[in-house]
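Written out below as structure tokens is the structure these notes cover.
Values in this text are rule-based calculations from the coordinates and carry no lab data. Keep in mind it's a predicted model, so treat the numbers as computed, not measured. Positions of Cβ are generated from backbone atoms using ideal geometry, with glycine treated the same way; all protein chains shown enter the neighbour counts.
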Amino acid sequence: MNSQLVQDFFREDKLPHIWCPGCGHGIIMRAIAVAIDNLGLDKDKVCIVSGIGCSSRAPGYMDFNTLHTTHGRALAFATGVKHANPELEVIVITGDGDASAIGGNHLIHAARRNIGITTIVFNNNIYGMTGGQYSPTTPTGELGTTAPYGNIDPSFDIAKLAAAAGATYAARSTAYHARPLAKYIETAISHKGFSLVEAISTCPTYYGRKNKKGSAVQMLNYLKESFVDIKAAEKLPAEKLVGKHIMGEFKNVTDQEEYTDLYAKIIERMKGAK
Amino acid sequence: MTQKNVKLLQGNEACVEGALYAGMTFYSGYPITPSTEIAEDSAVKLPKVGGKFIQMEDEIAGIAAAIGGSLTGAKSMTATSGPGLSLKLENIGYAAIAEVPLVIINVQRGGPSTGLPTSPAQGDIMQAKWGSHGDYPIIALSPQSVRETFELTVKAFNLAEKYRTPVILLTDEVVGHMREKIEIPAPGELEVFDRIVPEANTDYKAYRVDEGDIVPKMAPFGAGYRYHVTGLFHDETGFPSNSSENAKFMLDRMMAKIEDNREDIVLYDEFMLDDAEFVIISYGSSARTCKASVKKLRSKGIKAGLFRPITIWPSAEAQIAELGKKVNNILVAEMNLGQYCHEVQRIVKSDAEVHHIGRANGEVLTPDEIVSKVMEVL
């Protein structure tokens, strides 16, 4: 029998999911359910919106109001849902390509508006659904089917991109660090305003195989070894941080008004006016 | 006697008045000439009725947010012009397959590309029908006046909600920007259709058509139904299905909901057609020019008449086919190089000779040149 978490928050008849063996996405999807469970949210008032790609298949498995949209546009659809009905807890599930390439414009503008949407980016550094093309987060020098001689693009830091664009909460964790990940997602959902959690995932099938990263376990171990918490990093000497990635909370601003609250004030002021 | 609500309005302003009359509570869009007044007016008026306006970051987001708004139960609209319609096409297909009611106003301007931003055109006739990829149902209406812009915006909302489909209002720069006297209908004077929602959450299947219904009942997000919406082919539960049998069943149903209800959807107008021996077919602002041409031709003793499709898609197939059997010559007059003319030729076949007059340089057709064209044909 499935665990209580699965019984409570997933559409059991839609499982198992379509993701490859060893894919990190399941861990991240679970972390979202853990966060929702911890917050005790009313499932009827949660709306999960996704775009297109491997991660964007997650909402189909999750027992909420779920909306699987077009490639890159999840945040634009979600903005409409949230603005039209601010009572809904709107969570966007998106991938690195979906969020920061084709959907990059929507990402920065949703962040700028500080609209109360929580975005979880499943970042596996590759276009998985289409078979392993380099994405805006594929590290420079790595291989993809469309970067056969090594990727010459610099990569995006999605959490910092969102923070710079105006998100009032931005954090990063990994599929290995599942507990802090769930904690950040929990904070992000309860945050008033636009929040984003970048969840570093693993793609052993395409990214891993192409770049000789080893097995799924080895890839998760790499996350364990290479990611350093931002608070720990502050105390470490520079040489200890060579080749390391930083995770943790990058921004948490609570004194900026949320978009739909501001709009509610306009309605309050103008309602019934001629 | 109650005071009549008479106003002097631009077509674009009348569009917003019509939308509010129909119950619009959500607007999202992106500024583009010559449609911008629709966004501006919506921004002013929606909060006054407790509705929501949002200016999105681009045209794609404009329609995407409107679809999101509609899924929460709000009557939603977006407005644009040619280049914006091109950008919205993928999500028009999404709204069609996910069966999300939505009104898209397209104030046509000269194209292609940036084209002639401040000049009228009727160049988006085919884009409105065939623009998104794949096969899907669509409804498009075209008003010729300010008053009709009001009425057809109401009608567009009614059809969108009734048939759960995107409806495009094809106006143009002339209709959008000209000012005319309009008597705003009193509440209750025009029909307003509200979407059919399920009564109770027992055995709810988001895409199942119940006995006696045209479309599946649509629950708003947040009302306790927790269903799935996707642009993938889906079965009656709403969840994706790869079955080709299911895809055929769902697409056939979606096409049939429009096809089987042409009588309700297809609107048209006739002018001096009864004894006509020469028929002009024209729509939108061009049809007004043609009306003057018909009068001029009649004064010359030529029995001309005008057929004006108000519903552009689905086309007035039966009516046009009938005209083709009645007369030898049909002239299609439009501000493009022959888009609706193709449709008329397709319908009429060899029953009558179909001629065309049109241009796409930003100039409206004049009554005299249409008269000359008719004389040339005869």
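Shielding of peptide A:46-59 by partners, expressed as the average count of other chain Cβ atoms within 10 Å per residue Cβ, is 2. Computed about its Cα centre, the charge dipole of region B:269-377 is approximately 220 debye, with only Lys, Arg, Asp and Glu carrying charge at their Cβ. When only the Cβ of Lys, Arg, Asp and Glu is charged (+1, +1, -1, -1), the dipole of region B:6-183 relative to its Cα centre reaches about 360 debye. Positive end of the dipole of chain A (Cβ unit charges, origin at the Cα centre): among A:VAL121, A:GLY144, A:MET29, the Cα lying farthest that way belongs to A:GLY144. Each of B:SER86, B:PRO47, B:SER35 was scored by the projection of its Cα onto the charge dipole of region B:6-183, and the greatest displacement toward the positive side belongs to B:PRO47; charges sit on the C-beta of Lys, Arg, Asp and Glu.
Residues whose amide H comes within less than 5 Å of that of B:LEU102, counting only those at least five positions distant or on another chain, are B:THR165, B:VAL167 (H built at 1.01 Å from N in the peptide plane). Exposure proxy for A:MET247, A:MET1, B:MET178, B:MET77: other Cβ atoms within 10 Å of each Cβ, ordered fewest to most, give A:MET1, B:MET178, A:MET247, B:MET77. Taking θ as phi - 60° and the Karplus parameters 6.51, -1.76 and 1.60, the scalar couplings of region A:81-87 work out to 4, 5, 5, 6, 9, x, 5 Hz in sequence order, x denoting glycine and proline.
When each of the peptides A:165-173, B:350-358 is scored by the mean number of other C-beta atoms lying within 10 Å of its residues, the order from highest to lowest reads A:165-173, B:350-358.
Legend: calculated FRET efficiency, B:LEU378 to B:GLU317, from the Cβ-Cβ distance at R0 = 25 Å, rounded to 0.05, equals 0.40.
Counting only DSSP beta bridges whose two residues both lie in the protein assembly as shown, roughly 25 percent are antiparallel. Can you tell me the 0 to 90 degree angle between the C-alpha axis of helix A:259-270 and the longest principal axis of chain A, rounded to 10? Tilt of helix A:259-270: around 10 degrees. The radius of gyration of the Cα set in region B:269-377, together with its Dmax, comes out at 12.4, 35 angstrom. Modelled spin-label separation between A:ASP37 and B:VAL44, with each label point placed 7 Å from Cα along the Cα-to-Cβ direction: 5.4 nm.
In chain B, the DSSP beta bridges split such that about 30 percent are antiparallel, to the nearest 5. For region B:90-198, DSSP calls about 15 percent of its internal beta bridges antiparallel. With both labels modelled 7 Å from their Cα along Cα-to-Cβ, the B:ASN328 to A:ARG209 distance reads 7.1 nm. For the peptides A:220-233, B:305-318, A:75-88, residues were scored by their other Cβ atoms within 10 Å and the scores averaged per peptide; the highest-first order is A:75-88, B:305-318, A:220-233. Computed from phi, the 3J(HN,Hα) profile of region B:198-204 under the Karplus parametrisation 6.51, -1.76, 1.60 (θ = phi - 60°) reads x, 7, 8, 7, 10, 6, 6 Hz, with x in place of Gly and Pro. Once label points are set 7 Å from the Cα along Cα→Cβ at both A:ILE266 and B:THR118, what is their separation, rounded to one decimal in nm? According to this spin-label approximation, the distance is 2.8 nm. Among B:GLU151, B:GLU189, the order by Cβ neighbours within 10 angstrom, fewest to most, reads B:GLU189, B:GLU151.
Take each residue in B:228-238, count the other chain C-beta atoms within 10 Å of its C-beta, and the mean is 4. The phi-based Karplus calculation (6.51 cos²θ - 1.76 cosθ + 1.60; θ = phi - 60°) puts the 3J(HN,Hα) values of region B:222-238 at x, 9, x, 9, 6, 10, 10, 10, 8, x, 6, 4, 9, 8, 5, 7, x Hz, whole numbers, x for Gly and Pro. Under 5 Å between amide hydrogens, built in the peptide plane, is the criterion, and for A:PHE10 it picks out A:ASP63 among residues at least 5 positions away or on other chains. Close amide H pairs (under 5 Å, H built 1.01 Å from N) link B:ILE312 with B:ALA140, B:LEU141, B:SER142, residues at least 5 positions away or on another chain.
Beta carbons within 10 angstrom, averaged per residue: use that to sort the peptides B:55-62, B:161-168, B:260-267, highest first.
By packing density, highest mean first, the sequence is B:161-168, B:55-62, B:260-267.
Per-residue shielding of B:23-32, expressed as the average number of other chain Cβ atoms within 10 Å of the residue Cβ, stands at 1.
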